[in-house]
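Chemist: Take this structure, written in structure tokens, and hold onto it; I'll ask about it next.
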Amino acid sequence: MKREIPLAILLITGLFMIFQYFVPHYAISDIASKIQQWAIIITSGAALLGIANLLRVSLDQAIARKQDWMYKWVVIVSLVVTGVSGIVGGIEPGTFFNDMIYFHMYTPMASTMYATLAFFIASAAFRAFRVRSWQAWLLACTALLVMLGRIPFGKMIWGDFPQFVDWIMNVPNTVAQRAILIGAALGAVATGLKMIFGIERSWLGGGD
Amino acid sequence: MFQRILIALLLIFLVSVSYSRDLGLIARDVPNDAGFAIRLNWQPIPIPPNIHIHRFYLERGVQPEGPFQKVTDLKSDDTSYVDDGSNRNPNSLKPNTNVWYRLKIEYAMAFRQGDSLLVDTLNRVIVSSETVGPVQAKPSWVNPKRLIVIFLITIYFLLILFFTRRARKGLSLFVRKIAGLSALDEAIGRATEMGKPVLYCPGSQGVDNIQTIASMIILTEVSRRTAEYDVPIIVPLMSAFVVPVAEEAVRSGALNAGRPDAFQPDNIRFLSEEQFAYTAGVSGIMLRERPAANLFMGAFFAESLILSEVGFSTGAIQIAGTSNVHQLPFFVVACDYTLIGEEYFAASSYISKDPGLLGTLKGTDWIKIFTIAVIVIGAILETFGLTGFTKLFEIQ
């Protein structure tokens, strides 16, 4: 029964959600909307699971003084201070949580992480443009053309350069992207159907 | 000044006489919907010289003689509006109820002085359009514009069922080699030799995302392999709701390998729901614990390149899989192997070698051939101006 009941729930819910796509009547769409609201409520409740997991893993390692235990204390203290300041002091502008933790600590740190992307793009591009095969040649040449067409210097070389680059982006590039998207969409539908009809059962776990 | 006001009032009077009941207002039920919408169309409202539209709005009443209540403010150049009551406010449009509509225009005198337009808002004239109705928002039981989808899904499912049965009967199915998945054993083997863990990132989305669901299926198979080789697997998570699912996937993998003791709950780590906090956390794990293999399987966004470049700098073998097209180039550049789009969804079937699941790959291949044929035929017919075929596939 441990396997049959979840399979039955998935089959009924999955078929209903497919069915409601074709039946716009509010009697049906109201039920579908309710099911989606339940999903949102359950997902919100899962935040507690995340906090419990974070505390359990970090506390275990911090107390046992395993490798890098001091970072675990940073995580625990940050979690507690952020949570308590938000719950006690509120999250509106002017509060310790909003001004100090969010805007003066979290936002600059997140921006710093995002800014590192620029350097990673440079290092990744350097590796990508090392020409070893004809595909790499093609990639490097196309990239060079697109970069030239996107700067004023490109237009100085050839007046229609920007239009040519637009054609590269709108025709060959879009064709390739759409091909990938269609394949991915079919794969996603197949995954959904496999699960709804019980062909794929690994999510049920290893027990009986 | 007095003379100006007199002229203004005269003009406004003329406007009110000339333009009332002359907007061609039409109200129609929106077809194939839940029953909460009525579409309204009207002709552009006339704006005589020196007259300013101060307010323009739509009213609805449940009787032709009123009372009417304001539905929305409109811009003077609007010519259509959909009265949508799906938000279920007390004053919203209700299904199967007779309603009447009219437009209201508040004209005011305007004077141009240099570059400025001065509007005399004190002397306004309110003009009503014709009242139209009764009209009802009717719910539909079937949306015929979507029937083609149910037809295609049925064909798709029948193909999957057909090939799954064939595969289970023992008929061999050729599945092309996917380099990224074949390298999985190499990656886990390398981790075993080095005595280092395997890092598995299931993306940054929740379990309501099909890529995360597919990732959890792959995780079950990967954790079975890591359990067989006795290699720890670290799963950092960005969505709290994925925590129990990932725990169950890794536990199942260990059980399937006959090594339940290989499941280490401390290695399923929820880090943060914030994108760059999570990125920093995973980068930290890669730099401190130095996994020998990094697997990025799921929906990734801006964090994809940061994660894969940090992983590259640690010298780990990296395999990525996603159907987020815009992140694919980053993974292709920074990872050793990348599963592109459909390959990612085929991964669980490919790794498990389960005949039933391999059958689904064949079904997908056939529906892909069908899709290509439809695209080619549609493109040819459209080129010759024949639009009937493509219209068959239009959905609403």
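Chemist: Please specify each residue of segment B:278-291 satisfying the condition of being at the interface with another protein chain (Cβ under 7 Å from one of its Cβ atoms) and either under 16 Å from B:Ser304 (Cβ atoms) or not charged (D, E, K, R) (or both).
Modeler: Those that are at the interface with another protein chain (Cβ under 7 Å from one of its Cβ atoms) and either under 16 Å from B:Ser304 (Cβ atoms) or not charged (D, E, K, R) (or both): B:Thr279, B:Ala280.
Chemist: Further question: Out of B:Ile317, B:Ile285, B:Ile306, report the one residue that is crowded, with 20+ Cβ neighbours inside 10 Å, at pLDDT 90 or above and touching a Lys or Arg at 6+ places or on another chain (Cβ under 7 Å).
Modeler: Step by step, each of B:Ile317, B:Ile285, B:Ile306 is checked, and only B:Ile317 is crowded, with 20+ Cβ neighbours inside 10 Å, at pLDDT 90 or above and touching a Lys or Arg at 6+ places or on another chain (Cβ under 7 Å).
Chemist: Go through segment A:21-48 and count every residue that is loosely packed, with under 14 Cβ neighbours inside 10 Å, polar (S, T, N, Q) and within 15 Å of B:Glu273 (Cβ to Cβ).
Modeler: 1
Chemist: A follow-up question, please. Is it the case that some residue within segment B:193-205 is in contact with a Phe, Trp or Tyr (Cβ under 9 Å, 6 or more places away or on another chain), without any contact (Cβ under 8 Å) to a residue 60 or more places away in the chain and either of a type in the set (Phe, Trp, Tyr) or more than 21 Å from B:Arg288 (Cα to Cα) (or both)?
Modeler: no
Chemist: Here is a follow-up. Looking at B:Pro31, is it assigned to a loop (DSSP other than H, G, I, E, B), in contact (Cβ under 8 Å) with a residue 60 or more places away in the chain and touching a Gly at 6+ places or on another chain (Cβ under 9 Å)?
Modeler: Judged against the criteria, B:Pro31 is not a match.
Chemist: Further question: Tell me yes or no: at least one residue of segment B:375-389 is assigned by TED's automatic domain parsing to the domain that holds B:Gly189, in a helix (DSSP H, G or I) and at pLDDT 90 or above.
Modeler: No, the conditions are met nowhere in segment B:375-389.
Chemist: Could I ask something else about it? Consider only pairs whose beta carbons are under 8 Å apart and that are at least six residues apart or on different chains; among these, list those whose first residue lies in segment A:132-160 and is small (Gly, Ala, Ser) and whose second residue is surrounded by 13 or more Cβ atoms within 10 Å (Cβ to Cβ) and not in a helix (DSSP H, G or I).
Modeler: From residues that are small (Gly, Ala, Ser), the pairs are A:Ala136/A:Phe129; A:Ala140/A:Phe129; A:Ala140/A:Val131; A:Ala143/A:Phe129.
Results for (1) of a type in the set (Phe, Trp, Tyr); (2) without any contact (Cβ under 8 Å) to a residue 24 or more places away in the chain; (3) closer than 14 Å to A:Met113 by Cβ, shown as yes or no for each residue.
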| site | (1), (2), (3) |
| --- | --- |
| B:Leu237 | no, no, no |
| B:Val250 | no, no, no |
| B:Ala254 | no, no, no |
| B:Ala257 | no, no, no |
| B:Asp261 | no, yes, no |
| B:Asn267 | no, no, no |
| B:Thr279 | no, no, yes |
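Chemist: Can you tell me which condition B:Glu59 does not meet? The list is (1) outside any loop (DSSP other than H, G, I, E, B); (2) loosely packed, with under 13 Cβ neighbours inside 10 Å, and all the others hold.
Modeler: Tallying (1) outside any loop (DSSP other than H, G, I, E, B); (2) loosely packed, with under 13 Cβ neighbours inside 10 Å, B:Glu59 fails exactly one: (2).
Chemist: Across segment B:30-73, what is the number of residues that are within 14 Å of chain A (Cβ to nearest Cβ) and of a type in the set (A, V, I, L, M, F, W, C)?
Modeler: Count: 4.
Chemist: Output the residue which, of all residues in segment B:227-257 that are within 9 Å of chain A (Cβ to nearest Cβ) and touching a Ser or Thr at 6+ places or on another chain (Cβ under 7 Å), is nearest to A:Trp203 (Cα to Cα).
Modeler: B:Ala249
Chemist: Among the residues that make up segment A:195-207, is at least one of them surrounded by fewer than 18 Cβ atoms within 10 Å (Cβ to Cβ), within 14 Å of another protein chain (Cβ to nearest Cβ) and among the polar types (S, T, N, Q)?
Modeler: Within segment A:195-207 (the criterion being surrounded by fewer than 18 Cβ atoms within 10 Å (Cβ to Cβ), within 14 Å of another protein chain (Cβ to nearest Cβ) and among the polar types (S, T, N, Q)), the answer is no, since none of the residues qualifies.
Chemist: Kindly indicate the residue of segment B:261-270 that is farther than 18 Å from B:Thr192 by Cα and surrounded by fewer than 20 Cβ atoms within 10 Å (Cβ to Cβ) and also nearest to the other protein chains (Cβ to nearest Cβ) among those meeting that condition.
Modeler: B:Asp266
Chemist: Do you know which residues across segment B:70-106 are over 20 Å from A:Ser29 (Cα atoms) and touching a Lys or Arg at 6+ places or on another chain (Cβ under 6 Å)?
Modeler: B:Val71, B:Val99, B:Tyr101, B:Glu106
Chemist: Only one of (1) touching a Ser or Thr at 6+ places or on another chain (Cβ under 7 Å); (2) within 8 Å of chain A (Cβ to nearest Cβ); (3) touching a residue at least 40 places away in the same chain (Cβ under 8 Å) fails for B:Glu309. Which number is that?
Modeler: Of everything listed in (1) touching a Ser or Thr at 6+ places or on another chain (Cβ under 7 Å); (2) within 8 Å of chain A (Cβ to nearest Cβ); (3) touching a residue at least 40 places away in the same chain (Cβ under 8 Å), B:Glu309 misses just condition (3).
Chemist: Go through segment A:170-190 and give me each residue that's exposed (fewer than 14 other Cβ atoms within 10 Å of the Cβ) and either in contact with a Ser or Thr (Cβ under 7 Å, 6 or more places away or on another chain) or away from chain B (no Cβ under 12 Å) (or both).
Modeler: Of everything in segment A:170-190, those that are exposed (fewer than 14 other Cβ atoms within 10 Å of the Cβ) and either in contact with a Ser or Thr (Cβ under 7 Å, 6 or more places away or on another chain) or away from chain B (no Cβ under 12 Å) (or both) turn out to be A:Asn170, A:Val171, A:Pro172.
Chemist: Something else about it: List pairs: first residue in segment B:338-363 and closer than 15 Å to A:Ala185 by Cα, second residue of a type in the set (A, V, I, L, M, F, W, C) and at pLDDT below 85 anywhere in the structure, Cβ distance under 6 angstrom, at least six positions apart or on different chains.
Modeler: Listed pairs, sorted by first residue: B:Leu361/B:Val175.
Chemist: A:Met113 passes all but one of (1) in the same structural domain as A:Val165 (by TED's automatic domain parsing); (2) modelled with pLDDT of 90 or more; (3) of a type outside the set (Val, Ile, Thr); which number fails?
Modeler: Just one mismatch for A:Met113, condition (1).
The values are calculated or read from the model by the stated rules, or taken from the named source; none is laboratory data. This structure is a prediction, so every number in the text was calculated from the model and none was measured. Please note: Cβ atoms are built from the backbone with ideal geometry, for glycine as well, and neighbour counts cover all protein chains shown.
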